[in-house]
Amino acid sequence: QVQLVESGGGSVQAGGSLRLSCTASPNRGCMAWFRQAPGKEREGVAAIGPYGSTRYADSVKGRFTISKDNAKNTLYLQMNSLKPEDTAMYYCAAQNAIGDCYTDLREYRYASWGQGTQVTVSS
């Protein structure tokens with residue numbers, strides 16, 4: 001099992017920026033960020049694979065950037081030009097496989113989940 005701990009959430013005004021962090025123990029090749037707003041289903045936001053490949057939801061392309069520091073076992077999500085529609089609980093997720101995995105935004109690929117960090121964007 002992988003332990004995931006998110007941090008970096010908070011409240012910002014529209015147009016502002018936040019950077020989320022997720023520490024993974026142990027490290028895994030494929031990781032992603034998901035989010036869930038009240039009353040809505042959880043959705044994939046950004047994913048990163050073992051060779052640096054990335055995938056983004058259309059709603060965040062050009063605004064969010066996912067990256068990974070393998071030396072520190074830490075996943076990041078840089079969020080710029082935030083909108084009120086981005087308000088949600090953000091979750092870090094990891095696939096159990098090491099190396100051989102999928103750069104994917106579908107929930108069923110991920111077996112390990114963090115507890116979440118709240119992001120609130122006011123207008």
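The values are calculated or read from the model by the stated rules, or taken from the named source; none is laboratory data. All figures in this text were calculated on a predicted structure; none of them were measured in a lab. With ideal geometry, Cβ positions are generated from the backbone for all residues, glycine too; neighbour counts draw on all protein chains shown. Keep in mind that these areas ignore ligands, DNA and RNA; they rest on the heavy atoms of the full protein, side chains included. Shrake-Rupley method; radii C 1.70, N 1.55, O 1.52, S 1.80 Å.
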Å³ per residue enclosed by the Cα convex hull of the range 28-92: 84 Å³
With DNA, RNA and ligands ignored, accessible area of Lys68 (1.4 Å probe; Å², nearest 10): 50 Å²
Net dipole in debye of the chain [+1 Lys, Arg Cβ; -1 Asp, Glu Cβ; about Cα centre; nearest 20]: 140 debye
Under 17 Å from Lys72, Cα to Cα: aspartates and glutamates that are on another chain or at least 8 residues apart: Glu6
Under the Karplus curve 6.51 cos²θ - 1.76 cosθ + 1.60, θ = phi - 60°, whole-Hz ³J(HN,Hα) for the range 70-87, x wherever Gly or Pro sits: 5, 5, 9, 6, 10, 9, 10, 9, 8, 10, 10, 6, 5, 10, x, 5, 7, 4
Selection from Leu20, Ile98, Gln3 lying farthest towards where the dipole of the chain points positive, charges on Cβ: Leu20
Per-residue SASA entry for Glu43, accessible area with 1.4 Å probe, Å² rounded to 10: 80 Å²
For the chain, accessible area per residue (1.4 Å probe, heavy atoms of protein chains only), Å²: 52 Å²
Accessible surface of the chain [probe 1.4 Å, protein heavy atoms]: carbon and sulfur percent: 45 percent
